[in-house]
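*Asks:* The structure follows.
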Amino acid sequence: MHIPDGFLSPGVAATAWVVAAAGVATALRVERRETAPMPAGILGSVAAFIFAAQMVNVPVAAGTSGHLVGATLAAVLLGPWRALLAIAAVLAVQALLFQDGGVLAYGANLCDMGLSGCFVGYAIVRVVGRFVSGPRGVAAGAVLGAFAATVSGALGVSIWLGVSGLYPLSAILPVMLVTHVAIGLLEAALTGAILVTLLRWRPDLVAGIDTSVAGRRPAVLALGLFGAALAVAAFLAPFASALPDGLEKTAETLGFASRARAALPGLTVVAPAIAGVLGTVAAAGLAFAVGRKLETVNDDAHR
Amino acid sequence: MRTASPGLVLAVGLAVVVLAATAPAGLHGRPVPAWSWIVWSVVPVASFALLRSKRGGLMIAARQLALLLPTVFMLTLPAVLFAAASGGVVVGSALIARSVATAAAGLATVTYLGPVELIAGLRALRLPERFVDIVHAMLVGLTAVVRQVKDMLRARTARGTGHAPWSGLISAPGATLRGFGRITAGLLLRSLERAESLERARRARGAGGW
């Protein structure tokens with residue numbers, strides 16, 4: 001999801017820098033007001049862990065592998081503002097020392113992976129925590145949050161690249177959303193795997209979430225999530241179909257568009273919507289499985 | 001050898017990155033100006049010379065730059081194909097040249113400074129103290145954490161619990177995720193324990209909050 005230098009127009013890069021700088025400035029102000037600020041050594045250590053965890057690849061199938069991004073995990077461990085500072089440090093080191101993501105594109109990358117990753121994920125963990133108490137709520141919420149954060153990050157990347165004029169937005173958006181539904185599920189699974197282990201070994205480390213408030217019925221949450229997925233799908237479908245996408249454009253140029261449309265009616269129109277709904281349902285299933293896995297953990301030990 | 005003013009070096013390096021990254025590459029149907037090509041030609045050559053002067057060898061500098069190229073090409077290729085479809089070979093070549101130039105300038109700047117002077121440079125640029133402290137702590141911890149990752153992966157392979165050719169998230173999802181969860185959670189715990197002991201040692205020596 002890292003955007004390298006040379007892809008964003010100066011105006012877009014500057015706008016993204018302003019948004020990201022405002023986010024980091026707010027995070028620093030919030031951190032300064034803390035009565036018990038966390039030592040920078042600990043925050044840096046979590047940042048180093050996130051960096052290193054990205055080195056541990058999971059084989060997805062023969063020849064391909066994926067890795068953790070870690071923004072939602074960091075938000076659950078540290079709280080969203082501190083997590084934003086940790087992700088900002090990770091992205092800065094990646095951009096400066098490893099040329100992974102550009103210096104000029106740093107603002108956009110921080111918006112997509114830091115702001116979006118931490119806050120979308122954290123918000124969902126909080127919402128789920130209101131329905132499911134204790135470690136199960138944290139883990140299930142983090143799984144859903146990691147999925148949503150990845151997809152929202154992909155949406156951000158599409159918008160930056162589209163507005164910069166590099167790709168037509170109508171072409172890049174469906175491609176990014178469909179591919180990142182799969183990547184989001186991987187991120188969700190990896191986040192869940194780490195949290196299940198952590199909540200079993202050291203539940204006290206999960207300090208970013210207060211899990212003591214809960215009480216609403218999980219069925220209401222499930223229905224709400226499904227409704228939200230459908231709403232997003234309904235919003236995206238007409239947007240994605242407003243202009244021909246890359247495949248349609250190529251098909252029109254090469255003269256087989258009408259045959260393609262006859263063979264696959266509306267596929268390019270509804271693909272992001274279908275992928276979004278299926279992805280959300282799969283992530284919800286994953287969250288349920290992770291929650292079940294943690295049923296043996298004593299909730300009181302976590303509080 | 002210490003750099004006299006790391007802040008100035010970092011500022012100049014970042015300015016070159018920005019210049020190379022913002023030089024027009026022919027998008028939106030505009031022509032690629034001659035000065036863009038000059039920038040994208042001069043910057044990699046200057047970066048190579050800087051790397052050579054710091055690393056002291058032609059082949060080492062060439063290897064460092066060559067290591068960048070697969071990543072740059074992999075990231076640039078989709079955009080190049082898209083741009084070339086509408087703007088032709090010139091726009092595609094311009095995008096590749098721009099990406100190589102920006103990555104080379106960044107690499108040369110940071111290699112010239114090294115991690116310690118990079119932190120000094122960030123401080124000299126008056127970035128927020130707390131943020132620079134976190135980046136500093138991250139760099140301090142990074143070497144140890146990366147070494148731990150490598151050790152853990154080597155131990156896993158030695159125990160025969162590494163990935164078999166057909167194992168994976170699809171064929172054995174439960175085992176793969178459990179293994180990943182344990183190895184990364186273990187890594188996090190070790191990282192935090194190390195950071196906590198470093199912090200205790202700092203405070204015991206009378207250092208203030210970091």
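The values are calculated or read from the model by the stated rules, or taken from the named source; none is laboratory data. Everything quoted here is computed from the prediction, not taken from an experiment. Note that we place each Cβ from the backbone using ideal geometry, even for glycine, and neighbour counts take in every protein chain shown.
*Asks:* Would you check if residue B:11 is under 16 Å from residue A:166 (Cβ atoms), assigned by TED's automatic domain parsing to the domain that holds residue B:91 and touching a residue at least 60 places away in the same chain (Cβ under 8 Å)?
*Replies:* Values: under 16 Å from residue A:166 (Cβ atoms): no; assigned by TED's automatic domain parsing to the domain that holds residue B:91: yes; touching a residue at least 60 places away in the same chain (Cβ under 8 Å): yes.
Considered against the rule, which asks whether it is under 16 Å from residue A:166 (Cβ atoms), assigned by TED's automatic domain parsing to the domain that holds residue B:91 and touching a residue at least 60 places away in the same chain (Cβ under 8 Å), residue B:11 comes out as no.
*Asks:* Among the numbered criteria (1) within 11 Å of chain B (Cβ to nearest Cβ); (2) crowded, with 20+ Cβ neighbours inside 10 Å; (3) at pLDDT below 80, which one does residue A:205 miss?
*Replies:* Result: residue A:205 fails condition (2) only.
*Asks:* If residue B:117 meets every condition in (1) modelled with pLDDT of 80 or more; (2) farther than 30 Å from residue B:35 by Cβ; (3) at the interface with chain A (Cβ under 9 Å from one of its Cβ atoms) apart from one, which number is that one?
*Replies:* In the conditions (1) modelled with pLDDT of 80 or more; (2) farther than 30 Å from residue B:35 by Cβ; (3) at the interface with chain A (Cβ under 9 Å from one of its Cβ atoms), residue B:117 misses (3) alone.
*Asks:* Tell me, yes or no, whether region A:146-158 has at least one residue that is assigned to a helix (DSSP H, G or I) and touching a strand residue (DSSP E or B) at 6+ places or on another chain (Cβ under 8 Å).
*Replies:* Taking region A:146-158 first, the residues assigned to a helix (DSSP H, G or I) are A:146-158.
Among the residues that remain, those that are also touching a strand residue (DSSP E or B) at 6+ places or on another chain (Cβ under 8 Å) are: none.
Looking through region A:146-158, none of the residues is assigned to a helix (DSSP H, G or I) and touching a strand residue (DSSP E or B) at 6+ places or on another chain (Cβ under 8 Å).
*Asks:* Further question: Residue B:17 fails exactly one of the following numbered conditions: (1) more than 13 Å from every other protein chain (Cβ to nearest Cβ); (2) of a type in the set (A, V, I, L, M, F, W, C); (3) crowded, with 20+ Cβ neighbours inside 10 Å. What is the number of that condition?
*Replies:* Going through the list (1) more than 13 Å from every other protein chain (Cβ to nearest Cβ); (2) of a type in the set (A, V, I, L, M, F, W, C); (3) crowded, with 20+ Cβ neighbours inside 10 Å, residue B:17 breaks only (1).
*Asks:* Which residues, counting only those in region A:183-202, are facing another protein chain (nearest Cβ under 9 Å) and under 13 Å from residue B:180 (Cβ atoms)?
*Replies:* Of everything in region A:183-202, those that are facing another protein chain (nearest Cβ under 9 Å) and under 13 Å from residue B:180 (Cβ atoms) turn out to be A:186, A:189, A:190, A:192, A:193, A:194, A:195, A:196, A:197, A:198.
*Asks:* In the list A:88, A:108, A:142, A:92, which residue meets the criterion of being under 22 Å from residue B:136 (Cβ atoms) and touching a residue at least 60 places away in the same chain (Cβ under 8 Å)? Can you show your working first?
*Replies:* Details: A:108 fails: under 22 Å from residue B:136 (Cβ atoms); A:142 fails: under 22 Å from residue B:136 (Cβ atoms); A:92 fails: touching a residue at least 60 places away in the same chain (Cβ under 8 Å).
Only one candidate qualifies: A:88.
*Asks:* How many of the residues in region B:88-114 are hydroxyl-bearing (Ser, Thr, Tyr) and more than 7 Å from chain A (Cβ to nearest Cβ)?
*Replies:* So the count comes out to 4.
*Asks:* What are the pairs, 6+ residues apart or on separate chains, where a residue within region B:193-207 that is free of Cβ contacts under 8 Å to residues at least 40 places away in the same chain and in the same structural domain as residue B:148 (by TED's automatic domain parsing) has its Cβ under 6 Å from a residue that is surrounded by 11 or more Cβ atoms within 10 Å (Cβ to Cβ) and outside any helix (DSSP H, G or I)?
*Replies:* Once the first residue is free of Cβ contacts under 8 Å to residues at least 40 places away in the same chain and in the same structural domain as residue B:148 (by TED's automatic domain parsing) and sits in region B:193-207, its partners that are surrounded by 11 or more Cβ atoms within 10 Å (Cβ to Cβ) and outside any helix (DSSP H, G or I) give B:199/A:39.
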